[in-house]
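Here the structure is laid out as structure tokens; the discussion comes afterwards.
The values are calculated or read from the model by the stated rules, or taken from the named source; none is laboratory data. Note that the structure is a prediction, hence the values are computed from the model and not measured. Cβ atoms come from the backbone with ideal geometry, glycine included; neighbour counts cover every protein chain shown. With ligands, DNA and RNA removed, areas are computed over all heavy atoms of the protein, side chains included. Shrake-Rupley method; radii C 1.70, N 1.55, O 1.52, S 1.80 Å.
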Amino acid sequence: RQDYSPSELRTRAAREKDCRAVLRLLAIANALEGMTRAEAARLAGMERQALHDAIQRFNAEGPDGLHDRHRSGRPEQLTAGQQAALKAHILRGPEPERDGVSAWRLVDLCEHVERTYGVSYSQWGLSRVLKRLSLSRQKTRPSHPKGSPAAQAAFKKAAPVQAADHRG
């Protein structure tokens, strides 16, 4: 592609915010000025094959083709509907009589997901799912299932408050 001069590519590289695109632009500018591809790639800190790929993208798409492309990554194991149902299940909280716990732990949620959806997660993997669902791993302050909020409030009001005398 001959519609960009090496100086135009260097000027564009100076204004570019994406450092990987900058290196690709500079390597292509060096190659256009007559450097061997191996030398141009070495100066930009890349392999010759990476420079070759960048040149192919530059020829096809121009300088805008030198930006990193989005990588899809591994697909989710739970569908969006299953994730919404899991979030609702977590927000409902456990029933101590039925679930045997007063607060969800990752190990409990891993067992629930495997039992309900047939998908096995490690605790770390499920914690990543919870983070994507905007859920925190923090637990609420535990309360006794047979505790009375009225009795607790009366106790707090009746408890004498002692003033501390801090004279040095």
*Any residue at all in the range 33-51 that is open to solvent by less than 70 Å² (accessible area, probe 1.4 Å), more than 30 Å from S143 (Cβ to Cβ) and of a type in the set (V, I, T)?*
no
_Would you confirm, using the coordinates I've provided, whether V113 is out of contact with any Leu (no Cβ under 8 Å at 6 or more places or on another chain), β-branched (V, I, T) and either closer than 30 Å to L51 by Cα or at pLDDT 90 or above (or both)?_
no
*Which of (1) under 30 Å from K131 (Cα atoms); (2) part of a loop (DSSP other than H, G, I, E, B) is the odd one out, the single condition G34 does not satisfy?*
(1)
*Is one or more of the residues making up the range 99-115 of a type in the set (S, T, Y), touching a helix residue (DSSP H, G or I) at 6+ places or on another chain (Cβ under 8 Å), surrounded by fewer than 15 Cβ atoms within 10 Å (Cβ to Cβ) and more than 30 Å from I28 (Cβ to Cβ)?*
no
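Among the residues of the range 116-142, what is the count of those that are of a type in the set (K, R) and either within 18 Å of the chain's Cα centre (by Cα) or modelled with pLDDT of 95 or more (or both)?
4
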_Against the conditions (1) assigned to a helix (DSSP H, G or I); (2) under 30 Å from R12 (Cα atoms); (3) at pLDDT below 90, where does K157 fall short? Just the number, please._
(2)
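Please verify whether the range 111-120 includes one or more residues that are assigned to a helix (DSSP H, G or I) and in contact with a His (Cβ under 9 Å, 6 or more places away or on another chain).
yes
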